[in-house]
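These notes are about the structure you will find just below.
The values are calculated or read from the model by the stated rules, or taken from the named source; none is laboratory data. Predicted model only: the values in this text are computed from it and were never measured. Don't worry about glycine lacking a Cβ; one is built from the backbone with ideal geometry, like all the others, and counts go over all protein chains shown. With ligands, DNA and RNA removed, areas are computed over all heavy atoms of the protein, side chains included. Shrake-Rupley method; radii C 1.70, N 1.55, O 1.52, S 1.80 Å.
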Amino acid sequence: MEFVIKISQFLLSLSLLIVLHELGHFIPAKLFKTKVEKFYLFFDVKYSLFKKKIGETVYGIGWLPLGGYVKIAGMIDESMDKEQMAQPPKPWEFRSKPAWQRLIIMLGGVTVNFILAYVIYVFVAFVYGNEEYPLDSFKGGYRIESPLLNEIGFKTGDKILAVNGESVETHQQVISSLITAKQFTIERGDEVKKIDLPEDFLGQLSSRKRTGLFIQRIPFMVGEVDKISLNKDVDLKEGDVLLSVNGIEVKYFDELESRLSNYKDEEIVAVFLRGDKTIERKLRINEDGKMGIFPAIHENRFEELGYFDVVRQEYGFVDSFSAGAIMFKEEIVGYFGQLKVLLTPSTGAYKGLGGFKAIYDIFPDFWSWEAFWRLTAFLSIMLAVLNLLPIPALDGGHVMFLLYEMVSGRKPSEKFLERAQIVGFFILIALVLFANGNDIFKAITQ
């Protein structure tokens, strides 16, 4: 069921982005009376799952979910229709239109992606608002499980004060700064320390099994008792919060393992908080030092108990437009920062470049419309930025040649554009193989 939920979100988001991106090319093409021969969701290599001709355009769905396309007559694109290009230009063809019209057609896709992202963020701000976790409310600091962070010098309980010398106030700022972080300023007990990250931190991180980075410290809350647990008949309810084991306080989840390791194959007396009352239960610990109880996470309850604060901001209809603009700006700036780091070999960030599985993995294994729309907005920005890269075969490549034509007054020859298209196609194939190859390598080795 988890797979069905994740793949459904993935395909729905991907389909929405592809259709609207291609619509961004389709609409200005039709406005400028340019013939559009095909409009496809996914690629129709050899055959289509569905197709229907309406007017002069064939609309269809391909079987290969690697993208989509519109085939515009008289345009040198991935179809490489040399037979058509060998004919004299027709007035309804792309190549016959003025450069400024061709430029608008080519920029239509990324324009729609940027507009879509902004509209989604406005919608998210209005419907869901925003939540932030102030760092000064994290009384116990962070839980550090990542072996890489431990090797660098972080320890559970550390409180983060600044990143790259600039103070940070929320958990979200800490997470978003990881891409460009070089130095952290932390508080450990009464001591303030600086921890430098290695230049290839992101490269090292991508080669490790992901176990979380900076995690909020929470108590152990009962979720479900394993049916084969030694404690399956003990009166415990979901939401009970563990307070102590044999009289020793267990304030945080990350303290539990070390506490229980002292009582393997023994019975303990555990005190839980149920509502506003404490209850005492005798539990058996197995030979592995486990209780056989699955944990639960209820943020509202943790907030009530004082483990951290949640600052909730709601927006009215008018205010949501400015709030959406702030979210939109932050995501764009953040993504350009990621791209810069990715294109710097010394950071090793390219090792973390992922393909379709990496995108699939960012969707939660439960259905959340808020998460879906936030991720779709981010992917829309990502699609727009990547398409603007000046690589032939991408929108950015076409725009680059059109700008050259408009500035110089000279149009590149069709033969040159065909060759550039082929080169760009092979560059894209290499990038796709590398990114998806990374996914396969990580699946095998991690």
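The figures follow:
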{"read-out": "Any pair with Cβ under 9 angstrom, 6 or more apart, that starts in the stretch 396-411 at a residue that is loosely packed, with under 14 Cβ neighbours inside 10 Å and ends at one that is of a type outside the set (A, V, I, L, M, F, W, C)", "value": "410/404"}
{"read-out": "Filter result (of a type in the set (S, T, N, Q) and closer than 25 Å to residue 253 by Cβ) within the stretch 156-176", "value": "156, 170, 172, 173, 176"}
{"read-out": "Close pairs from the stretch 28-56: first part of a strand (DSSP E or B), partner of a type in the set (D, E, K, R) and open to solvent by less than 70 Å² (accessible area, probe 1.4 Å), Cβ under 6 Å, at least 6 apart", "value": "37/71; 38/71"}
{"read-out": "Residue check, residue 371 open to solvent by less than 40 Å² (accessible area, probe 1.4 Å), closer than 30 Å to residue 127 by Cα and either touching a Ser or Thr at 6+ places or on another chain (Cβ under 8 Å) or in a helix (DSSP H, G or I) (or both)", "value": "yes"}
{"read-out": "Residue identified as acidic (Asp, Glu) and either free of Cβ contacts under 8 Å to residues at least 24 places away in the same chain or open to solvent by less than 50 Å² (accessible area, probe 1.4 Å) (or both) among 299, 257, 238, 331", "value": "299"}
{"read-out": "Filter result for residue 61 (touching a Phe, Trp or Tyr at 6+ places or on another chain (Cβ under 7 Å), surrounded by 14 or more Cβ atoms within 10 Å (Cβ to Cβ) and not aromatic (Phe, Trp, Tyr))", "value": "yes"}
{"read-out": "Selection from the stretch 383-399 of residues that are assigned to a helix (DSSP H, G or I) and either under 10 Å from residue 107 (Cα atoms) or in contact with an Asp or Glu (Cβ under 9 Å, 6 or more places away or on another chain) (or both)", "value": "384, 387, 395, 396, 398, 399"}
{"read-out": "Criterion: out of contact with any Phe, Trp or Tyr (no Cβ under 7 Å at 6 or more places or on another chain) and open to solvent by 40 Å² or more (accessible area, probe 1.4 Å) - qualifying residue of 31, 17", "value": "31"}
{"read-out": "Filter pass, residue 218 being out of contact with any strand residue (DSSP E or B) (no Cβ under 7 Å at 6 or more places or on another chain), closer than 25 Å to residue 286 by Cβ, open to solvent by 80 Å² or more (accessible area, probe 1.4 Å) and in contact (Cβ under 8 Å) with a residue 60 or more places away in the chain", "value": "no"}
{"read-out": "Qualifying residue in the stretch 73-81 (condition: touching a strand residue (DSSP E or B) at 6+ places or on another chain (Cβ under 9 Å), open to solvent by less than 60 Å² (accessible area, probe 1.4 Å) and among the hydrophobic types (A, V, I, L, M, F, W, C))", "value": "yes"}
{"read-out": "Leading residue by the ranking (farthest from the chain's Cα centre (by Cα)) among those in the stretch 341-360 that are outside any loop (DSSP other than H, G, I, E, B) and free of Cβ contacts under 8 Å to residues at least 40 places away in the same chain", "value": "345"}
